[in-house]
Amino acid sequence: MWLLCLVAGAAMALAPGPLSPRVVVATLGGGVLAIGSAGTFNHVLERDVDRQMNRTSDRPLAVDRVSVRRAVAFGVVLGLASLALFASVNLLAAALGLLAVVFYSVVYTLVLKPNTVQNTVLGGAAGALPALIGWAAATGSLGGGGAALALVVFCWTPAHFYNLAMAYREDYARGGFPMLPVVRGETATRKHVVYYLGATLVAAGVLAFAGPLDLLYALTTAVLGAV
């Protein structure tokens, strides 16, 4: 949650023009609520699978601590509250916030995650959307800087979550999820981690020229990325 809010905050900081405290608070508050809403719907939809996986078997819905009806109501309330906060900033931020919730809750959870080995890559769009939301909140439009930051997050996501998938490979196999380590093994997954780390480095270079950054940032990114 906090990482996604950090991305939105970074996008607002990079965006040109003045930025009021009200916009920052409303955007980050809307982000927290949207993430909570999407996570709640994810728990509702995956409750049966969660019972089969050690990592998720103690989630409230998996152990029947919370009813499905109450969880859905909670998710709806969080989602509506997030939309209200985003809309108080501007309608574009609200539309992107709604897209993020729907994409993660429906497209990723129901379509991508259980059906394709590329679920982690394609699902990375959900994590990249906060960059667009933050930029839209600050400027009222979509810009190259926000898109470049979104690209950085999109490329970084597989490198991060493939490591998680390797750590919980057996769990994902029990849940029936076609994660890359389950389908193609850990050796292939490690290669993909390297590929996406390289892509992240390239995307960070793009950010240096698409956003209000300079050559020093690009050189620092290159050195740290090489290390």
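Given the conditions (1) within 18 Å of G140 (Cβ to Cβ); (2) in a loop (DSSP other than H, G, I, E, B), report the number of the one that A62 does not fulfil.
(1)
Select from region 138-161 the residues that are over 11 Å from the mean Cα position of the chain (by Cα) and among the hydroxyl-bearing types (S, T, Y) and write down the one among them that is surrounded by the fewest Cβ atoms within 10 Å (Cβ to Cβ).
Of everything passing the filter in region 138-161, S141 is surrounded by the fewest Cβ atoms within 10 Å (Cβ to Cβ).
Looking only at helices (runs of 4 or more DSSP H) that lie completely in region 154-227, which have at least 1 residues being aliphatic (A, V, I, L, M) and at pLDDT 90 or above?
Output list reads 169-175, 180-210.
Name the residue that is surrounded by the most Cβ atoms within 10 Å (Cβ to Cβ), counting only residues in region 61-76 that are in contact with a His (Cβ under 9 Å, 6 or more places away or on another chain) and either in contact (Cβ under 8 Å) with a residue 24 or more places away in the chain or among the basic types (K, R) (or both).
G75
Taking region 137-188 as the search range and keeping residues that are among the acidic types (D, E) and out of contact with any helix residue (DSSP H, G or I) (no Cβ under 8 Å at 6 or more places or on another chain), which one is farthest from S82 (Cα to Cα)?
Applying the filter and picking the extreme gives E170.
The values are calculated or read from the model by the stated rules, or taken from the named source; none is laboratory data. Bear in mind the structure is a predicted one, so any value in this text is a computation, not a measurement. Glycine also receives a Cβ, built like all others from the backbone with ideal geometry; neighbour counts cover every protein chain displayed.
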